[in-house]
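A.B. asks: Provided herewith is a single structure, encoded as structure tokens, for subsequent inquiry.
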Amino acid sequence: MSFEEFVASRHAAGQLVVQPRMGFADPAAMRAGLAATRNAAATTVGTVTLDSYTRVCDTDSVAHALAHGIALNGYPIVNHPAEVTRAMLDGLEGPDFPVQVRHGSARPADIFRAMLAAGLHATEGGPVSYCLPYSRTPLDESVRNWSSCCELLADADLPGGRAHLETFGGCMMGQLCPPSELVALSALEALFFYRKGLRSISVSYAQQTNLLQDQEAVAALRRLCAELLPGASWHVVIYAYMGLFPRTPEGSLSLLGTAAELALSTGSERLIVKTVAEAHRIPTVAENIQALEHAGAVRTTEKITVDADNQVYREAYALVDAVLNSHEDLGRAIVVAFKRGLLDVPFCLHPDNAGQARSYLDPAGRLCWSDLGSLPLRRVVERGPGGAITSSTLMSALSYVQHTHDAQALAQPMTAIGGDSR
């Protein structure tokens, strides 16, 4: 059973698939983390998250770290021989527990080759989403890199089923990018994969600041993918909030519970979790398992019905349409769209991003456009009084989710040792 088949079968059985971000340099530690994920009281898939040096193709620094016992922040799949990775996965990865490689690279060719050599077939990223926020690589180079890597995956002869590729476009900058652009970028990266021959795809969307707006965004994403990806097998993966996380354990679990509610209420098939340690440090295996089990235990009474012809969809459609009309080759169209400001990610400092569009939070916590720059949305956006973005309003917006959930947690009665402290 392939990655896509596992997720589809569990979704058909009414189960939400939950997944951690987890990576360790030592194969034994990585194996222990995967085993704990597999044994969690939830429906899980495994993750092998790569280290920062591997993401930027600095294999010499990885070799130096491994030779001298220097800690790495992930699994160096390129430096570890394929047989080492296969041994690490042996008896764990399989039809009932697929494993995805997560990396963050704008130049992932060596990563893809190492992954395939180790027998893994599921990974993620994209030419925009793994370039603009994380890399100094020029966008046109990233597009070329991802084009060849998609073709590598599409042509791979895999005994366990076809390769699966997940977009990261729905997670741009982690926070403060209005949902319509997240939806548009996720859909465009999925279409990019599709046109390169891939037919097993997942589309990402990161939880933002308002549950109802997020539900509208997922409905919009589903509609766009249904229109753009005929004949493909695709599913939606929700990411728990990727901005400043609550500092209290209770606030963190509350926010994660809301992410699970978003996934369940929109019929999304998979959820990437965050832990109680996110505001402080890299989480332990135990904290990851706690997050998986907490999210997996969330229940919702019923799937909601959201009109897919909503404001998020109208904006996202306009963005996608402008890109598709920029050039017949989608990779070139994406590059041209960023040069013209037809795509412009707020607060992104990459040289190929125009940096003219801005966003703000309205009183209900919805993400809105305050400045459109050259985005093709002037006749689409419902403009409200956003006001100028200052350092104070920016910091307030960045910490909005953190403060909301921490305040709710601190307002609850505290239980001291021996009884209620009220």
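The values are calculated or read from the model by the stated rules, or taken from the named source; none is laboratory data. Since we're looking at a predicted model, the values are computed, not measured. No Cβ is skipped: glycine too gets one built from the backbone with ideal geometry, and neighbour counts run over all protein chains shown. Note: accessible area is taken over every heavy atom of the protein model, side chains too, but ligands, DNA and RNA are not part of it. Shrake-Rupley method; radii C 1.70, N 1.55, O 1.52, S 1.80 Å.
A.B. asks: How many residues are touching a helix residue (DSSP H, G or I) at 6+ places or on another chain (Cβ under 8 Å) and farther than 18 Å from Ala263 by Cβ if we restrict to the range 18-27?
C.D. replies: Counting residues in the range 18-27 that are touching a helix residue (DSSP H, G or I) at 6+ places or on another chain (Cβ under 8 Å) and farther than 18 Å from Ala263 by Cβ gives 5.
A.B. asks: Of (1) in contact with a strand residue (DSSP E or B) (Cβ under 6 Å, 6 or more places away or on another chain); (2) farther than 17 Å from Pro230 by Cα; (3) in contact (Cβ under 8 Å) with a residue 40 or more places away in the chain, Phe193 satisfies all except one. Which?
C.D. replies: So Phe193 meets the others, but not (2).
A.B. asks: I'd like to verify a number: residues in the range 159-195 that are open to solvent by 40 Å² or more (accessible area, probe 1.4 Å) and hydrophobic (A, V, I, L, M, F, W, C), how many?
C.D. replies: Within the range 159-195, residues that are open to solvent by 40 Å² or more (accessible area, probe 1.4 Å) and hydrophobic (A, V, I, L, M, F, W, C) number 1.
A.B. asks: Here's something else I'd like to know. Would it be correct to say that Ser204 is modelled with pLDDT of 95 or more and in contact with an Asp or Glu (Cβ under 7 Å, 6 or more places away or on another chain)?
C.D. replies: yes
A.B. asks: Out of all the residues in the range 86-106, is one or more farther than 25 Å from Ala291 by Cα, touching a strand residue (DSSP E or B) at 6+ places or on another chain (Cβ under 8 Å) and either exposed (fewer than 15 other Cβ atoms within 10 Å of the Cβ) or not aliphatic (A, V, I, L, M) (or both)?
C.D. replies: Yes, the range 86-106 has at least one match.
A.B. asks: Ok, one more. Report yes if Thr59 is of a type in the set (Ser, Thr, Tyr), farther than 25 Å from Leu158 by Cα and touching a helix residue (DSSP H, G or I) at 6+ places or on another chain (Cβ under 8 Å), otherwise no.
C.D. replies: In short, yes.
A.B. asks: Related question: From the list Tyr317, Tyr313, Tyr400, which one is more than 28 Å from Val273 (Cα to Cα) and within 22 Å of the chain's Cα centre (by Cα)?
C.D. replies: The match here is Tyr317.
A.B. asks: Every residue in the range 279-289 that is open to solvent by 10 Å² or more (accessible area, probe 1.4 Å) and either of a type in the set (D, E, K, R) or closer than 29 Å to Glu216 by Cα (or both), please.
C.D. replies: Ala279, Arg281, Glu287
A.B. asks: Follow-up. State which residue is surrounded by the fewest Cβ atoms within 10 Å (Cβ to Cβ) when the search covers only the range 292-301 and only residues that are closer than 20 Å to Gln215 by Cβ and in contact (Cβ under 8 Å) with a residue 24 or more places away in the chain.
C.D. replies: Arg299
A.B. asks: Turning to a different aspect of this structure: Being open to solvent by 30 Å² or more (accessible area, probe 1.4 Å) and over 17 Å from Asp352 (Cβ atoms): is that true of Leu198 here?
C.D. replies: Answer is no for this residue.
A.B. asks: Among the residues of the range 120-150, how many are open to solvent by 40 Å² or more (accessible area, probe 1.4 Å) and at pLDDT 95 or above?
C.D. replies: 5
A.B. asks: Could you say whether any residue in the range 264-272 is buried (at least 16 other Cβ atoms within 10 Å of the Cβ) and in contact with a Phe, Trp or Tyr (Cβ under 6 Å, 6 or more places away or on another chain)?
C.D. replies: Checking the range 264-272: at least one residue is buried (at least 16 other Cβ atoms within 10 Å of the Cβ) and in contact with a Phe, Trp or Tyr (Cβ under 6 Å, 6 or more places away or on another chain).
A.B. asks: Then there's this: Which of (1) among the hydroxyl-bearing types (Ser, Thr, Tyr); (2) over 23 Å from Cys131 (Cα atoms); (3) buried (at least 17 other Cβ atoms within 10 Å of the Cβ) is the odd one out, the single condition Ser9 does not satisfy?
C.D. replies: (3)
A.B. asks: Just to verify a result, which residue in the range 350-409, among those that are touching a Cys at 6+ places or on another chain (Cβ under 9 Å) and assigned to a strand (DSSP E or B), is surrounded by the most Cβ atoms within 10 Å (Cβ to Cβ)?
C.D. replies: Top of the filtered list is Leu367.
A.B. asks: Pick from Ile334, Ile289: which is closer than 22 Å to Pro20 by Cβ, in contact (Cβ under 8 Å) with a residue 60 or more places away in the chain and among the β-branched types (Val, Ile, Thr)?
C.D. replies: Exactly one of Ile334, Ile289 is closer than 22 Å to Pro20 by Cβ, in contact (Cβ under 8 Å) with a residue 60 or more places away in the chain and among the β-branched types (Val, Ile, Thr), namely Ile289.
A.B. asks: Would you confirm whether or not the range 350-365 contains a residue that is under 17 Å from Ser129 (Cβ atoms) and of a type in the set (Phe, Trp, Tyr)?
C.D. replies: No: zero hits.
A.B. asks: Given (1) within 19 Å of Gly46 (Cβ to Cβ); (2) modelled with pLDDT under 95; (3) surrounded by 21 or more Cβ atoms within 10 Å (Cβ to Cβ), identify the lone condition not met by Val276.
C.D. replies: (1)
A.B. asks: A further question follows. Restricting to the range 217-254, count the residues that are touching a Ser or Thr at 6+ places or on another chain (Cβ under 7 Å), at pLDDT below 95 and among the aromatic types (Phe, Trp, Tyr).
C.D. replies: Selection size over the range 217-254: 1.
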